[in-house]
Amino acid sequence: MSAPRPPSLIRRCALGIWLCGIALMGVVEFRRYALAGGELSMTPVAWMWLAGSTVTGVVGIALLVRELRRHRR
């Protein structure tokens, strides 16, 4: 019997990629709320979208960097 193949890079990075995608959708929602009246108006809801998207994006990028560093070794 042959040994099982290690998971592919895309499979190991899936959670980080998913979180970055969610963060991107949050940035779109932030833009929608911030520019709702045709000009920039930072409502509390827009700030919440921006904060949530930033945190989610940072976590996603951290997971991607960690996995890519682990793979390089």
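Close Cβ contacts (under 7 Å, 6 or more residues apart or on different chains) running from residues in segment 12-40 that are surrounded by 16 or more Cβ atoms within 10 Å (Cβ to Cβ) to residues that are not aliphatic (A, V, I, L, M) and not in a helix (DSSP H, G or I) comprise TYR33/THR43; ALA34/SER41. Looking only at segment 36-54, filter to residues that are assigned to a helix (DSSP H, G or I) and in contact with a helix residue (DSSP H, G or I) (Cβ under 8 Å, 6 or more places away or on another chain); which one of those is nearest to ILE22 (Cα to Cα)? For segment 36-54, the residue satisfying everything is SER53. Being out of contact with any strand residue (DSSP E or B) (no Cβ under 6 Å at 6 or more places or on another chain), in contact (Cβ under 8 Å) with a residue 24 or more places away in the chain and aliphatic (A, V, I, L, M) is a property that holds for VAL59.
The number of residues in segment 1-44 that are within 19 Å of the chain's Cα centre (by Cα) and of a type outside the set (Phe, Trp, Tyr) comes to 22. Out of segment 4-13, which residues are more than 25 Å from GLY52 (Cβ to Cβ) and either among the small types (Gly, Ala, Ser) or part of a loop (DSSP other than H, G, I, E, B) (or both)? Correct list: PRO4, ARG5, PRO6, PRO7, SER8.
Being assigned to a loop (DSSP other than H, G, I, E, B) and in contact with a helix residue (DSSP H, G or I) (Cβ under 8 Å, 6 or more places away or on another chain), is that true of even one residue in segment 14-35? Taking every residue of segment 14-35 in turn, none turns out to be assigned to a loop (DSSP other than H, G, I, E, B) and in contact with a helix residue (DSSP H, G or I) (Cβ under 8 Å, 6 or more places away or on another chain).
Computed from the coordinates by the stated procedures, all read-outs in this text should not be read as laboratory data. As the structure is a prediction and not an experimental result, all values here were calculated from the model. In this analysis, Cβ positions are derived from the backbone assuming ideal geometry, glycine residues included, and neighbour counts consider all displayed protein chains.
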